[in-house]
Amino acid sequence: MSPPPNPPEHAPPAESPESISRQSFEGDYRPSSGAPPERGAEPGPPRVDPTQTEFLLQLANALNTTLDLQTLLQRTADLVRAVIDYKIFAILLLNERTNELRMRFQIGHTAAVERLKIRLGQGIVGQAAQRRQAILLDDVRGAPHYIAANPDVRSELAVPLIVKNRVIGVIDIQAEQVGYFQPQHSYLLELTASRVAQAIENARLYTRVARQAQTLAVLNEIAQEVTSILDLDPLLERIAQLLRRLIDYQMFSILLLNERERVLEPQYAVRFGHEVAPAENVPVNRGLVGTAARERRLVTSPDVRKDPRYYMVNPESRSEMVVPLIYKNKVIGVLDLEHTRVNYFNEDHERTLVTLASQIAVAIENARLYQKVIAQEQRLEHDLEMAREVQLKLLPAKAPRHEHAELATRFLPARTIGGDLYDFLHYERECSGIAIGDVSGKAAPAALYAAVISGIMRAASGQCLSPAAMLKLLNDSLRERRVDAQYVTMVYAVWNDLKQTLQIANAGSVQPLICRGGEVEPIRAEGFPVGMFPDVTYEEFTISTRPGDAIVFYSDGIVDALNESDELFGEERLRESVSGNLHQSAQGLADAIFADLQAFQGGRERFDDETVVVLKVLPGGEPPA
């Protein structure tokens, strides 16, 4: 539509000295004060005609039915076009942090003009925002502040958007004809601006609240996810991915503090969406990252080129934000975000990063502690494996051979290394010492104690001690080397192959079984554990054997074994296994006991060491009288 006709001739209203001086200084600038009064009337507020009232009603309806900012700006442009036939239109909003106006909606401008940042006081729109009043310019060619973005433009009308005495933006209309815009246009646009400004503020508030709600939801999701990742490298990568949902950074890095060397060591870095190799270490007295770590606070640089603290790593960087990672009042590292745009990071970004930093610090520290635990476990497993090799080498490689008896063993530790021990000592006159014991506790401490006991016995083997004497020697030696809560239950026996007799003494261990003629009975020998009480003496028994007899020494791990129903293997099942396999050799009998035990346990994990030593008297000779 064509512009409205010029208003009738009238006497111009009286102008203030300020207006007169401003006009004389700035040429055609005309601060708007509303439509002129009619001819012959006293100056006063302009009269609103029915079409203006209808327009304002339509405007109110259009603005009140949306909280989407872009929809709101589009509707404003459409309604203004209905009363002012423009070709070039823009709504610019003010960034209060940088005091710059940027186009949020435009019609008729080029992309280059749309990207312009206009400071307060710069250009016509900057002047309108700074003065907080409308400016109507009949001919822009004579205006000293005009920004010649479009050479075809001749006239311009700029009206500030003001809410609660605060400028939030400017509506700007341009035309290619000189004197195109009239005072009634300015008046109508001012009425529009007051309502549009409030609607824009409402939409921005709604957007801010919605963004905050979304941010809180994402923060909660991030907190839950990062605390569940215990591997450091995947954790750092995931942090970078999740943080991108809240802050659209272009460069990102995580640096962790090396307290001993006082440097920040880059652990993970991203540039423009691609992971890159971490850069060099950064001393804590260098750069923005060092400042954040030293001062234990968030550091933001709107333009790193003007910041003397900045240490260049990414040449493209223009703005940077760094937050320290603090765990239990100690700085453990920093998060570093960079962008190619000046003044990119705002207060929302700062609040988000500070809120998230504490959760990230906890997650990183948990992952580092987990890594230490894993490393310690690996070292411990290696040490235990070495200890197991040593323990197995301390156990006898093979059982002694005799003319009238054979010996066999089976040993299975509950853990990597166990507390059960067995040993064979060589005596003179065709005799052998047989020891089987169970050290209190499990794993390395028990195995070391068992090694000590084995060493004492082997050192005393040349004395050819009787079972009772050997147990007393062990008890006295261990009492001299007292270790709290450590003791051993043991059966010690001496086999005399010439006489085919077995001398036996028990120091608190389970009673061995003697198997003769299909009958299985325990050998009733008892005594105190070795290393527990001072000045202990032990009873000793001598058993005369016959060909085919078997003596089964075993640890309590055999009878205390559980199946998946929590039932004990028990002594009764052990007796049945022994009597049912008495016809086998010593090794066959030991293997059969373990086979029956394994079948009983099923998939149940063992909780105690399992040891069996079998002495089988061979047929083919009677013992001497």
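All of the numbers you see were taken from the coordinates with simple rules; none came from a lab. Since we're looking at a predicted model, the values are computed, not measured. Positions of Cβ are generated from backbone atoms using ideal geometry, with glycine treated the same way; all protein chains shown enter the neighbour counts.
Laid out as a table, the results:
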quantity	calculated
Residue-averaged 222 nm ellipticity for the chain, from DSSP H runs of 4+ at -39500 (n - 2.57), nearest 500	-12000 deg cm²/dmol
Longest to shortest principal axis, alpha-carbon extents of the range 103-237, angstrom	70, 31, 23
Rounded Å value of the spacing that divides the Cα centres of the range 103-124 and the range 295-336	32
Cα gyration tensor category, rounded, prolate or oblate, for the range 181-302 with a/c compared to 1.5	prolate
Candidate lysines for bridging to Lys616, where Cα separation is under 18 Å - those fewer than 8 sequence places away on the same chain excluded	Lys398, Lys499
Loop sites in the range 51-146: GluC sites (Glu not before Pro), DSSP, at most 16 other Cβ within 10 Å	Glu96
Sequence-distant residues sharing a close amide H with Asp560 (under 5 Å, placed H)	Gly570
Cα gyration tensor, the range 395-617 - rounded (a/c under 1.5), prolate or oblate	oblate
Taking the range 227-371 and dividing mean pair separation by its residue count, relative contact order in percent (alpha carbons under 8 Å, at least six apart)	27
Peptides 516-527, 185-196 ordered by average Cβ neighbours within 10 Å, highest first	185-196, 516-527
Exposure proxy ranking, count of Cβ atoms within 10 Å, fewest first, for Met490, Met321	Met321, Met490
Rel. contact order, % - alpha carbon contacts under 8 angstrom, at least six apart, the chain	8
Table column - 3J(HN,Hα) (Hz), the range 296-308, Karplus curve with 6.51, -1.76, 1.60, x for Gly and Pro	6, 8, 5, 10, 10, 10, x, 9, 5, 5, 9, 9, x
Spatially proximal lysines relative to Lys372 (Cα-Cα < 21 Å; intrachain offsets below 8 disregarded)	Lys328, Lys330
Least to most buried among Leu101, Leu246 (fewest other Cβ within 10 Å first)	Leu246, Leu101
Per-residue ³J(HN,Hα) for the range 148-161, Karplus 6.51 cos²θ - 1.76 cosθ + 1.60, θ = phi - 60°, Hz, x for Gly and Pro	7, 7, 10, x, 8, 6, 10, 10, 8, 10, 10, 10, x, 9
The chain: C-alpha gyration tensor shape, a/c 1.5 cut-off, then a/b vs b/c	prolate
Span-rule helices in the chain, defined as complete DSSP H runs reaching 15 Å or more along the axis (Cα) with Kyte mean at least -1.0	50-64, 69-83, 183-226, 232-244, 347-394, 443-459, 467-480, 586-601
Neighbour-count ranking [beta-carbon atoms within 10 angstrom, fewest first] of Glu389, Glu571, Glu156	Glu389, Glu571, Glu156
Furthest towards positive pole of dipole, Pro547, Asn220, Gly179, structure part the chain, Cβ charges	Gly179
